[in-house]
Amino acid sequence: MPDRTPKALRVAIAQHAPQLLVDFDRHWRRDIADAYDLAPVPAFMARWWGEFALARDPQLEARVHGLEDAADQEPDYARAKALIEEAGRLRRQAAKSEPGQ
């Protein structure tokens, strides 16, 4: 994982998960770039830190997306909820990655 700065994260996304770059840049321009208030930056970083952490592990990303897709198709509410909770747990776990890991 890169240093925990927007610039370092953008560089890492460009190098290792370029499929995320358009959305990252769009989100940055929309919510952060011209802001006079930096309050949204931590939420922005948390979201994209987690997205990058997931994208850099293709097997984990496929597992999470598979769980989310299965939940979308699951007719049983309790089973769908369990699938979404597991996907969320994996996303949170990936987002806990620290710089240098």
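Just tell me, in residue order, which DSSP H segments of the chain are both 20 angstrom or longer along the helix axis (alpha-carbon based) and at least -1.0 in mean Kyte-Doolittle hydropathy. Result, helices passing both filters: 41-55, 58-73, 77-95. Each residue, residue 73 and residue 89, gets one label point 7 Å from its Cα in the Cβ direction; the gap between the two is 2.3 nm. For a quick check, take a GNM of the chain with Cα springs below 10 Å and name the residue from 60, 90, 38 with the largest mean-square fluctuation. Taking springs between Cα atoms under 10 Å, the residue moving most is 38. Under 1.5 on a/c is rounded, so check that first for region 6-95, then, if it is not, pick prolate when a/b is larger than b/c and oblate when it is not; a ≥ b ≥ c are the square roots of the alpha carbon gyration tensor eigenvalues. Prolate is the answer for region 6-95, as a/c is 1.5 or above and a/b outweighs b/c. Positive contributions from Lys and Arg (+1) and negative ones from Asp and Glu (-1), summed over other residues with Cβ under 12 Å from the Cβ of residue 91, come out at -1.
If you take the Cα centroid of region 39-101 and the Cα centroid of region 1-16, the two points sit 19 Å apart. When only Cα pairs under 8 Å and 6 or more residues apart are kept, what is the percent relative contact order across the chain? Reported as a whole number, the value is 33 percent. Applying 1/(1 + (r/R0)^6) with r as the Cβ-Cβ distance of residue 7 and residue 59 and R0 = 30 angstrom yields a FRET efficiency of 0.60. Potential lengthening of the chain between residue 101 and residue 80 amounts to 4.4 nm, from the contour at 0.36 nm per residue minus the alpha-carbon distance.
Just so you know, all these numbers are worked out from the coordinates, no wet-lab data involved. Keep in mind it's a predicted model, so treat the numbers as computed, not measured. Don't worry about glycine lacking a Cβ; one is built from the backbone with ideal geometry, like all the others, and counts go over all protein chains shown.
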